[in-house]
Protein chains: 2
Amino acid sequence: MTGSVVVVTGGIGGAKLVLGLTHVVPAGKLTAIVNTGDDTDHLGLRVSPDIDTLIYTLSGLSDTERGWGRKGETWGFMASLRTIGGEDWFNLGDHDLALHVERARRLRAGETLSQITADFAAKLGAGIPIIPMSDQPVATRVITDEGDLAFQDYFVRRRCAPRVESIRFEGAEAARPSPGVIEALAAPDLEAIIIAPSNPWLSVDPILAVPGMADLLRAAKAPVVVVTPLPGGKAVKGPTAKIMEELGLELTAASIEAHYAGLADAFLLDDADPPIGSPHAACDTWMTSLDDRIRVARAALDLARR
Amino acid sequence: MTGSVVVVTGGIGGAKLVLGLTHVVPAGKLTAIVNTGDDTDHLGLRVSPDIDTLIYTLSGLSDTERGWGRKGETWGFMASLRTIGGEDWFNLGDHDLALHVERARRLRAGETLSQITADFAAKLGAGIPIIPMSDQPVATRVITDEGDLAFQDYFVRRRCAPRVESIRFEGAEAARPSPGVIEALAAPDLEAIIIAPSNPWLSVDPILAVPGMADLLRAAKAPVVVVTPLPGGKAVKGPTAKIMEELGLELTAASIEAHYAGLADAFLLDDADPPIGSPHAACDTWMTSLDDRIRVARAALDLARR
């Protein structure tokens, strides 16, 4: 495959697949479109968790043992913030913090999130274009039995404990796909669009909620391949399984298939999943090592090519 | 002396005297009025260098070896900021940073600088009320042979290299003394007002530039005692001597006397200074050890009592 590839992704799980893709797709041919529904103004800083997770992962800066944030991170800011009574439920490492401070400053100065993200990714050595889904703010809100919660409030502060009733994307109606999204999906040599195994409801739906996004994906020349996030009915990490149960969905690849109906052309299942009606292939989709990530990336591209 | 004492102070040199005063003035009787002309919005954060220096000094958190900032400080934020091309001429330690982030957040939320400062001072254990000169922003600007510079631009970025022609205090006309200033100077048991040996032009003049401040000091029941900042004609630290030369002033206590004419009732000179016309006393005003600070504090209070 020598054409270009677009990967649509959320946070940690998605970043693993993108890292695999960087080893399989030729240099200059891979673009990532990233969820910004988790973005938040915290303490007056602008935090873009999924963008930063992807930059850190691709730049070799992520803490692979802890599973989030930066390796060699220090926590002086948080320790000090606690002594003056600041909000300490959202952990911000000292190194990580620089991106949130600088992002907020540059947004206030009139730059777009796309411009800032491109610059951070280049300076830190991510190696591929990292494109926010939109330059307009879209905020994922989780409607739960304990009220309508901001995403980080639900995800970090409440550790996904409240029962999810529905999910909405505040500001989505006024958002539009960022210029880089439109350009990447219109590439004449586009050969595959891969939807990473991120949480379909929390991480991919905000991207699809941007008006025009789903149409751009459907209109693109390349097939849309979903790497399913629920190998053998088990969520790898995070609240996917819990949310599916709360939404009354079966923990099966068929539920993922139904979720992406009308958008996806094919599904990469895990070896442990029973077959589904749509075009599909299967492999071991657990991604622990770099070799795992490369294997899944290659399988997704092979499926797109078929 | 069992009455109350107000000390008017700038940064590092002033903080040494205030620390001495805390060992001499009975608990609950000492209040510090602090310069905020050095305050700046940097990277969207709100930095109040003189307030923080005083809080850190009184709370035992200051780095006495380096001479500024906090002991045990770490620099992860700055290192990371550099990698993404952020402005790195103004050093912000990871622990220090928490105050600037939280101060900016609380100001935006509508709290006054007085309220925030009182809370930080209490939480960090400063032990005395620390009161900003004003709740309105006043920005010291240094007019130099290289242009009209913001204070931190002159002081930190240019390391006081440009030649000073004059100094102005932007916003002063719209400022008023903060409520705590008015209250402290109206205390019925006020026995002394001490002007700390901070730079008269850069650190004390912004305080005096707040409309009504000089009148409040003159109207107070207690004498105003200046601890002169130029022992034997030598500046202890910082650009005092350089600025005086550039402004065409002699490096003598008499120049300090002339500067505070009409405001000060008495001057505490250094043993190395020749006598001046105003009421005065002298001692060794170099403050290296805590004992030095206590000695100078005691001498200033003794002079006020006479």
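Derivation of every value follows stated rules applied to the coordinates shown; laboratory data play no part. Treat the numbers as computed from the prediction; the structure is a model and nothing was measured. All Cβ positions, even for glycine, are placed from backbone atoms using ideal geometry, and neighbour counts span all protein chains on display.
In nm, to one decimal, how far is the modelled label at A:H23 from the one at B:L290, with both set 7 Å along Cα→Cβ?
5.8 nm
Can you pull the mean other chain C-beta count within 10 Å for peptide A:96-108?
Values: counts 3, 8, 14, 5, 1, 13, 8, 1, 3, 7, 4, 1, 1.
Rounded to a whole number, the mean comes out at 5.
Hey, got the average number of other protein chain Cβ atoms within 10 angstrom for residues in B:45-51?
Working: counts 6, 1, 0, 0, 0, 0, 0.
The mean count of partner-chain Cβ atoms within 10 Å per residue comes to 1.
Would you work out which of B:P274, B:L263, B:H23 lies farthest towards the positive end of the dipole of chain B, given +1 charges on the beta-carbon of Lys and Arg and -1 on that of Asp and Glu, about the Cα centre?
Of the candidates, B:H23 comes out farthest on the positive side.
Determine the distance separating the Cα centre of the range B:1-64 from the Cα centre of the range A:209-241; give it in Å without decimals.
The two parts, judged by their Cα centres, are 57 Å apart.
Run the simple label-point estimate for B:D145 and A:I182 please: 7 Å along Cα→C-beta, distance reported in nm.
For the pair B:D145/A:I182, the computed spacing is 5.4 nm.
What does the copy distance list look like for B:A109, label position 7 Å along Cα→Cβ, in nm and ordered from shortest?
So the distances to the same position in the other copies read 2.8 nm.
Rounding to the nearest 20 debye, state how big the charge dipole of chain B is about its Cα centre with +1 on each Lys and Arg Cβ and -1 on each Asp and Glu Cβ.
Working: 29 positive and 40 negative charges, 112 e Å.
In total the dipole reaches around 540 debye.
Other chains near B:84-93: what is the mean number of their Cβ atoms within 10 Å of each residue's Cβ? If you can, show how the numbers build up before the last one.
Details: counts 14, 5, 7, 2, 1, 0, 0, 0, 3, 4.
Partner-chain Cβ atoms within 10 Å, mean over residues of B:84-93: 4.
Under 30 Å between alpha carbons: how many lysine pairs meet that in the range A:4-305, if sequence neighbours fewer than 8 apart on the same chain are excluded?
Final tally of qualifying lysine pairs is 17.
Counting Lys +1, Arg +1, Asp -1, Glu -1, what net charge surrounds A:K221 among other residues with beta carbon under 15 Å of its beta carbon?
Working: positive: A:K29, A:R218, A:R305; negative: A:E183, A:D189, A:E191, A:D215, A:D265.
That sum, taken over residues with Cβ under 15 Å, equals -2.
I'd like the FRET efficiency for A:A258 and A:E65, computed as 1/(1 + (r/R0)^6) with the beta carbon distance as r and R0 of 45 Å, rounded to 0.05. It would help to have the intermediate numbers written out before the result.
Details: r = 36 Å, r/R0 = 0.80.
Once the sixth-power term is evaluated, E becomes 0.80.
May I ask you to order B:207-215, A:142-150, A:16-24, B:61-69 by the average number of other C-beta atoms within 10 Å around their residues, highest value first? Display every interim value, and only then the final one.
Numbers: B:207-215: 19.3, A:142-150: 16.2, A:16-24: 22.8, B:61-69: 14.7.
Peptide ranking by packing, descending: A:16-24, B:207-215, A:142-150, B:61-69.
Per residue and in Å³, how big is the convex hull formed by the alpha-carbon atoms of chain B?
Here the figure is 122 Å³ per residue.
Cβ neighbours within 10 Å, averaged per peptide: list B:98-106, A:77-85, A:102-110 in order, most packed at the top. Write down the numbers at each step before the final one.
Numbers: B:98-106: 23.4, A:77-85: 18.8, A:102-110: 17.1.
Packing proxy ranking, top to bottom: B:98-106, A:77-85, A:102-110.
Charges only on Cβ, +1 for Lys and Arg, -1 for Asp and Glu: so what's the dipole of the protein assembly as shown about the Cα centre, in debye to the nearest 20? Walk me through the numbers on the way to the answer.
On the way: 58 positive and 80 negative charges, 84 e Å.
Roughly 400 debye, rounded to the nearest 20.
Please report, largest first and rounded to whole Å, the three semi-axes of the ellipsoid equivalent to the range B:59-209, where each semi-axis is the square root of five times an eigenvalue of the C-alpha gyration tensor.
27, 23, 16
Can you give the helix-only mean residue ellipticity at 222 nm for chain B, where every DSSP H stretch with n ≥ 4 adds -39500 (n - 2.57) and the sum goes over all residues, rounded to the nearest 500 deg cm²/dmol? Each step should come with its number before you reach the end.
Values: 11 runs with 105 residues, N = 306.
It lands at -10000 deg cm²/dmol.
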